[in-house]
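Bear in mind these aren't lab numbers, they're just calculated from the coordinates by the rules spelled out. Please read all numbers here as calculations on a predicted model, not as lab measurements. For neighbour counting, all protein chains shown are included, and Cβ atoms are generated from backbone atoms with ideal geometry for every residue, glycine included.
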Amino acid sequence: MTRPTDAIVTGFTKNGELCRRAFAPLLELRQQNIIRDIHYVTWDSAALDGFVAPVLDLGVSITRVPQPEAEGNPNQRGIVYQTHNLDAALARIADPATLLVKLRPDFLFRGDFLKAKLHSFETECAIPAETSFEGIKMPRSPFSKKVWIPWADANQPFFYEDAAYIGVKRDLEKLVPQNPAAPRAPLADMDCGSLVHVLRYIDAFLPRYPIFRRYVDNYGAFINDLSYRKGFVGMLLADGFFWHMLAAHAWILHTSFRIDCGTQDDLRFYPNTVNTDWSDFGALRLTAPYDHVEMWRGNTNAGHAVMPAVMRVYGRLMDDAWPRSLFTARMADMPDGMLARLLRGVALYDTGCLKQIEDAFYEKLRAFREQHWVRKRAA
């Protein structure tokens, strides 16, 4: 590892012990001269002073910024708050080539795991030199290096973990939506909270992958309800256009991201989505998929087949094995030449070659949501 490395921590947690544990590995790696500086950015509200107090004596650079004005529901406000916080943290770093580990005070790295990720970053996160697959020229990554993320969804494009990631500053700046307050119709639907994750990542890829232009506007059908998705995922996988999107997304994962959740308890995340009582650290609950890492990893059957990952209600990937094997090995359940045909359609998208099946897909998407969600909730 040769480049300067900093840590940025954004937001706050209501449990002091959790906060201290989040900073502990960063402080240890700073003492070892692996991390240079640690920057903590959160709101300047006096109501948060007690939650910031555990950081005051750690020798960390603390920046308190005004909370921006945001309107709408929690989804709509959340993307504004997260973007503003990250933007303020990135502004603390002068050199665009600096390596950054970004996390929240409710996200815990095991020290040795983080140390290994930082030491191996230059090699593990190198962008592949080859931008073609079986003679089909595909877009090059918008990043200078792959961005490390703990997990990604195989069947829900750009739905990745956004509480923690590692990358070069000039690349992470591309994860800041340029206009987070712009009206996004699906965000008005409280059932579409995961769109906040998607918006973090998709904008960097839309200019090179126009096949995803209509995805965000129609994200209202990608509802994270277990019973709904049991039928929804089956509908998706029976559609030819969606398979073109899956292939494009798999190529993006393969060429732009390093997915690695490690082993159980290398990473732990205690968000307020699964916790309400913050009085006792020992009683806090891990959120999925951090509570059963090996179960999620094993169920993908990576390296042998495509379907086990994408046919799950939630297609969580714990490492790179699934997208990598798609492009480097023969999949038992994918006919020869099928992946190349799908990627050819992606590469030629702007010719209009997929327009008919794309229109049919989004009509099917709207109809499915109306029948299996809107009408059922109204009954």
Counting Lys and Arg as +1 and Asp and Glu as -1, what is the net charge of the other residues whose Cβ lies under 10 Å from the Cβ of SER141?
+3
If the label point sits 7 Å along Cα→Cβ of MET307, residues of segment 210-239 with amide N under 18 Å come out as 230-239
Segments 195-207, 336-348, 63-75 sorted - mean Cβ within 10 Å per residue, highest first
195-207, 336-348, 63-75
Log entry: pair-distance distribution for segment 119-222, C-alpha pairs binned every 10 Å from zero, whole % per bin is 13, 42, 34, 11, 1
A correct Karplus calculation of ³J(HN,Hα) over segment 53-70, with 6.51 cos²θ - 1.76 cosθ + 1.60, θ = phi - 60°, whole Hz and x for Gly and Pro, returns 3, x, 8, 4, 9, 9, x, 9, 6, 10, 10, 9, 10, x, 6, x, 6, 9
Amide H neighbours of PHE257 at under 5 Å, excluding residues fewer than 5 places away on the same chain, with H built from the backbone geometry, are VAL147
Estimated FRET transfer efficiency (ALA70, ARG92; beta-carbon r; R0 22 Å; 0.05):
0.50
Using the Kirkwood formula on the Cα atoms of the chain, what hydrodynamic radius do you get, in angstrom to one decimal?
21.7
What lysines does LYS364 reach when the alpha-carbon gap must be under 26 Å and sequence neighbours fewer than 8 apart in one chain are set aside?
LYS230, LYS355, LYS376
Just to confirm the number: angle between the C-alpha axis of helix 338-347 and the first principal axis of the chain, 0 to 90 degrees, nearest 10?
70
Residue-averaged [θ]222 nm for the chain, counting only DSSP H segments that reach four residues, each worth -39500 (n - 2.57):
-10500 deg cm²/dmol
What lysines does LYS169 reach when the alpha-carbon gap must be under 25 Å and sequence neighbours fewer than 8 apart in one chain are set aside?
LYS102, LYS115, LYS117, LYS145, LYS146
Note, ³J(HN,Hα) from phi for segment 362-372, Karplus 6.51, -1.76, 1.60, rounded to Hz, x at Gly and Pro:
6, 5, 5, 4, 4, 5, 5, 4, 4, 6, 9
Net charge (Lys, Arg +1; Asp, Glu -1) of residues whose beta-carbon lies under 12 Å from that of ASP112, ASP112 excluded, is 0
Ordering 99-107, 359-367, 125-133, 284-292 by per-residue average of other C-beta atoms within 10 angstrom, highest first, gives 99-107, 284-292, 359-367, 125-133
What net charge do the residues around VAL168 carry, taking every other residue with its C-beta under 15 Å from that of VAL168, with Lys and Arg at +1 and Asp and Glu at -1?
+4
Note on the chain, DSSP bridge orientation, antiparallel percent to nearest 5 equals 45
